[in-house]
1. Is the shape of the stretch 1-114 best called rounded, prolate or oblate, per the rule: a/c under 1.5 gives rounded, else a/b larger than b/c gives prolate, else oblate, with a ≥ b ≥ c the square roots of the Cα gyration tensor eigenvalues?
2. Under a 1.4 Å probe, what is the accessible area of the chain per residue, stated in Å²?
3. Multiplying the sequence separation of L55 and K120 by 0.36 nm and subtracting their Cα-Cα distance, what value in nm do you get?
4. In the chain, what percent of the accessible surface is made up of carbon and sulfur (1.4 Å probe, ligands and nucleic acids excluded)?
5. In whole Hz, with x marking every Gly and Pro, tabulate ³J(HN,Hα) for the stretch 184-190 from phi via Karplus 6.51 cos²θ - 1.76 cosθ + 1.60, θ = phi - 60°.
6. Could you tell me, in Å, what Rg and Dmax come out for the Cα atoms of the stretch 1-52?
7. Any number yet on Rg/Rh for the chain, C-alpha, Kirkwood?
8. Which links in K4/K58; K14/K89; K4/K120; K89/K141; K120/K186; K14/K103 stretch past 22 Å when you go from one Cα to the other?
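The values are calculated or read from the model by the stated rules, or taken from the named source; none is laboratory data. These figures come from a predicted structure and were not determined experimentally. Positions of Cβ are generated from backbone atoms using ideal geometry, with glycine treated the same way; all protein chains shown enter the neighbour counts. Just the protein is used for accessible areas: all its heavy atoms, side chains included, with ligands, DNA and RNA removed. Shrake-Rupley method; radii C 1.70, N 1.55, O 1.52, S 1.80 Å.
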Amino acid sequence: MSTKQAQLDEIQAKILADDPTPELRRTATQLVFGDGPADADLVFIGEAPGKNEDLQGKPFVGAAGRFLNEMLEMIDLTRDDVYTTNIVKFRPPANRDPLPEEKSAFLPYLESQLEVIQPKLVITLGRHSLNCFLPDLSISKVHGQPKRFQGRVFLPLFHPAAALYNGGMRQTLIDDFALIPTILKKLESN
Ligand code: URA
């Protein structure tokens with residue numbers, strides 16, 4: 001097992017030991033920590049697990065996840081090439097929006113995950129994920145534009161669940177997604 005994977009396992013164990021959101025833990029089936037290679041170049045960050053994620057213990061395994069997989073395929077990648085996770089790591093009851101205090105409770109663990117993985121590009125999915133790192137930016141204004149912040153590069157994208165059934169947003173997300181290989185190449189040549 002890679003050192004990075006062992007470090008990620010430690011963060012996962014620490015969440016269970018610290019129990020930062022006992023209420024969410026009580027109503028959820030299990031912790032949904034993250035999935036993918038511990039040395040991935042791309043990390044996708046969603047909002048919180050939904051029903052399927054809660055049952056399977058993995059992020060993005062429902063309808064939004066299938067759409068994510070289709071877009072990855074479009075740029076010749078699969079889920080085995082990327083790391084996926086969420087800000088909030090237990091399913092909020094009835095899929096309600098995560099509360100501000102739930103997001104801030106999980107932020108240090110998310111930061112630690114990024115610290116271990118050291119991805120070239122952090123892709124935030126939806127406004128909750130974007131605003132965790134860059135609270136002053138509006139997703140409708142900055143989607144598809146890489147942003148440098150505190151030594152990392154973020155690419156804000158619309159959330160696949162929001163875009164799934166909204167024709168305009170869906171196409172915008174697909175177009176933004178298609179920018180990923182060029183952005184990565186540029187980062188690699190810097
Ligand atoms: N939506 C999210 O934000 N995360 C998931 O893991 C699934 C759906």
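1. Oblate is the answer for the stretch 1-114, as a/c is 1.5 or above yet b/c matches or exceeds a/b.
2. Values: 9280 Å² over 190 residues.
I get 49 Å² per residue for the chain.
3. Details: separation 65, 0.36 × 65 = 23.40 nm, distance 3.04 nm.
Gain in length upon complete extension: 20.4 nm.
4. Values: 4610 of 9280 Å².
In the chain, the share of accessible area belonging to carbon and sulfur is 50 percent.
5. 4, 4, 4, 5, 5, 8, 7
6. Values for the stretch 1-52 (Cα only, Rg and Dmax): 12.6, 34 Å.
7. Details: Rg = 15.5 Å, Rh = 16.6 Å.
Rounded to two decimals, Rg/Rh equals 0.93.
8. Over 22 Å Cα-Cα: K89/K141.
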